Amino acid sequence: MFTLRPLTETDSIEQLTDLLHRAYAQLAAMGLRYTAVNQSPDVTRRRIQGGHCLLAWRQKQLAGTVTVHRARLNSPCLQFRQPDGAVLSQLAVAPEWQGHGLGEQLLDAAENWARSQGCAAIRLDTAQDAVHLVRRYQRRGYRVEAPLQWPDKAYRSVVMIKSLETLPPSAARNDSCSATS
């Protein structure tokens, strides 16, 4: 039903930004002002830079997207800097295609890409109060790893992690993340 492919130079960043705005509108209505709620095309371009951005198409209609990066070495969040990990962001499905399994396809593709890059884990962050999203990720095998407070957000977030391979029992765990330091 959907065709997934990497973003190309000929794809419209403006169209991608519009998709993000529409997909995140429900979260904005909940008072959760994720960056994707109203980011500019320049911010969209910056957020996908250096990552693997996938687009989902239904015929000629942009229906969804996700971006996954290798470790974000300059991130203020310690968990996102872990060298054996990947970071998932900007998962979005157009409102008219929500509930059709596209989000799961995009997550599968992002996780598979991270595995192909040799990543042992994949992380993401989401608003703590977006309980429906936290539960959705938990059903996929993600667990809350640490609390997170982005300096430009009024709400608290959580970092969630999913193992992409079996980690040894001695693997270190850091129980906090501060994006303000």
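Read-outs throughout are calculated quantities, based only on the coordinates presented, and are distinct from any laboratory measurement. Just so it is clear, the structure is predicted and the values come from calculations on it, not from any experiment. Every residue, glycine among them, receives a Cβ derived from its backbone with ideal geometry; neighbour counts consider all protein chains shown.
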- request: Sort through His69, His52, His21 and tell me the only one that's in contact (Cβ under 8 Å) with a residue 60 or more places away in the chain and surrounded by 14 or more Cβ atoms within 10 Å (Cβ to Cβ).
  value: His52
- request: Working only within the range 104-121, note down all residues that are part of a loop (DSSP other than H, G, I, E, B) and within 22 Å of Leu4 (Cα to Cα).
  value: Gln117, Gly118, Cys119
message: Take the residues in the range 151-165 that are among the hydrophobic types (A, V, I, L, M, F, W, C) and within 16 Å of Leu27 (Cα to Cα); name whichever of them is surrounded by the most Cβ atoms within 10 Å (Cβ to Cβ).
response: Val158
message: Test of understanding: among Ala29, Ala36, which residue is under 20 Å from Ala130 (Cβ atoms), surrounded by fewer than 18 Cβ atoms within 10 Å (Cβ to Cβ) and either touching a Gly at 6+ places or on another chain (Cβ under 6 Å) or hydrophobic (A, V, I, L, M, F, W, C) (or both)?
response: Ala29
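Residue-by-condition table, conditions (1) of a type in the set (Asp, Glu); (2) more than 16 Å from the chain's Cα centre (by Cα); (3) under 18 Å from Ile161 (Cβ atoms):
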| site | (1), (2), (3) |
| --- | --- |
| Leu7 | no, no, no |
| Thr17 | no, no, no |
| Arg33 | no, no, no |
| Leu54 | no, no, no |
| Ser89 | no, no, yes |
| His100 | no, yes, no |
| Asp108 | yes, no, yes |
- request: Looking only at the range 60-103, count how many residues are assigned to a loop (DSSP other than H, G, I, E, B), touching a strand residue (DSSP E or B) at 6+ places or on another chain (Cβ under 9 Å) and within 13 Å of Gly50 (Cβ to Cβ).
  value: 3
query: From the list Thr8, Thr44, which one is touching a helix residue (DSSP H, G or I) at 6+ places or on another chain (Cβ under 6 Å) and without any contact (Cβ under 8 Å) to a residue 60 or more places away in the chain?
result: Thr44
query: What number of residues in the range 122-142 are aromatic (Phe, Trp, Tyr) and part of a loop (DSSP other than H, G, I, E, B)?
result: 1
message: With surrounded by 21 or more Cβ atoms within 10 Å (Cβ to Cβ), in contact with a strand residue (DSSP E or B) (Cβ under 8 Å, 6 or more places away or on another chain) and over 23 Å from Arg45 (Cβ atoms) as the only criterion, which of Leu148, Leu133 stands out?
response: Leu148
